[in-house]
1. For a 21 Å ceiling on Cα separation, which of these pairs sit above it: 61/89; 6/135; 52/89; 89/155?
2. Among 13, 79, 35, whose Cα sits farthest toward the positive end of the charge dipole of the chain (+1 at Cβ of Lys/Arg, -1 at Cβ of Asp/Glu, about the Cα centre)?
3. Sort 95-101, 120-126 by packing, meaning the average of other beta carbons within 10 Å per residue, with the highest value first.
4. Under 5 Å between amide hydrogens, which residues at least 5 positions from residue 114 or on another chain qualify, with H placed 1.01 Å from N in the peptide plane?
5. With +1 on the Cβ of every Lys and Arg and -1 on the Cβ of every Asp and Glu, and nothing else charged, how large is the dipole of the stretch 1-66 about its Cα centre, in debye rounded to the nearest 20?
6. Take every Cα pair under 8 Å in the stretch 1-139 that's 6+ residues apart, average their separations, divide by the length, and report that relative contact order as a whole percent.
7. Calculate the dipole size of the chain relative to its Cα centre from +1 charges on Lys and Arg beta carbons and -1 charges on Asp and Glu beta carbons; express the result in debye to the nearest 20.
8. Distance between Cα centroids, the stretch 96-138 to the stretch 53-83: provide it in whole Å.
Amino acid sequence: MTRKAKLETLKKLVQKAKEECFTDRQIKSYKNRLVKLSSNFLSGKISAKELKQLYSEIERKAFSIHLTAKKDLHQALVLSGFSKQQAKKISEHEASHFSAAKKFGMKAYYALRFSKASRSAQKITCHPSVIINWKDFIKDHHLRDMIKNIAKAPKVLSRHDKKIT
Ligand SMILES: [Zn+2]
């Protein structure tokens, strides 16, 4: 795909994601569920198998743009209203999680979601993240170490990252 065609595709995806966006309350509950799931797994309350199943259940309900190249993430962030500088900072942060997951042989992709205060609100907030998918043969205790390492990979950790490490 040419860069120009790619840009058009990204524009359409961002538009669709904005139209189908969540309310701030929904995205907050989604993020809280993710953090809770991760910490339940890290503390040994649930197995990797349960984590994967519950994770995919909440993931399916949350529409997001999936990207695999850092420059596409950067471009999509700019299209979503971030300045180039902010987009660079965010994509570098997410790329650290992404490369850490790749190093462990996982499938990973960048995900972008949007939310606004209410259906009629004008201001849209963009929520970037990295989604990981691990191989089932990985032992639970190895996976725990991997997830912690992926969460703490960026130089500056987000509030969400800190809850997992
Ligand atoms: Zn992070």
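Readers should treat all values here as calculations from the given coordinates under stated rules, not as data from a laboratory. Computed from a prediction, not measured in an experiment: that's the story for all the values here. Cβ coordinates were reconstructed from backbone atoms using ideal geometry, including for glycine residues, and neighbour counts include every protein chain displayed.
1. Working: 61/89 28 Å; 6/135 30 Å; 52/89 29 Å; 89/155 11 Å.
Those over the limit are 61/89; 6/135; 52/89.
2. The one lying farthest along the dipole's positive direction is 79.
3. Numbers: 95-101: 20.7, 120-126: 12.0.
Result, highest mean Cβ count within 10 Å first: 95-101, 120-126.
4. Excluding prolines and chain starts, which carry no amide H, the hits are 22, 127.
5. Working: 17 positive and 7 negative charges, 39 e Å.
Approximately 180 debye in magnitude.
6. Values: 147 pairs, mean separation 39.0, N = 139.
Dividing the mean separation by the residue count of the stretch 1-139 yields 28 percent.
7. Values: 38 positive and 14 negative charges, 67 e Å.
Roughly 320 debye for the chain.
8. 5 Å
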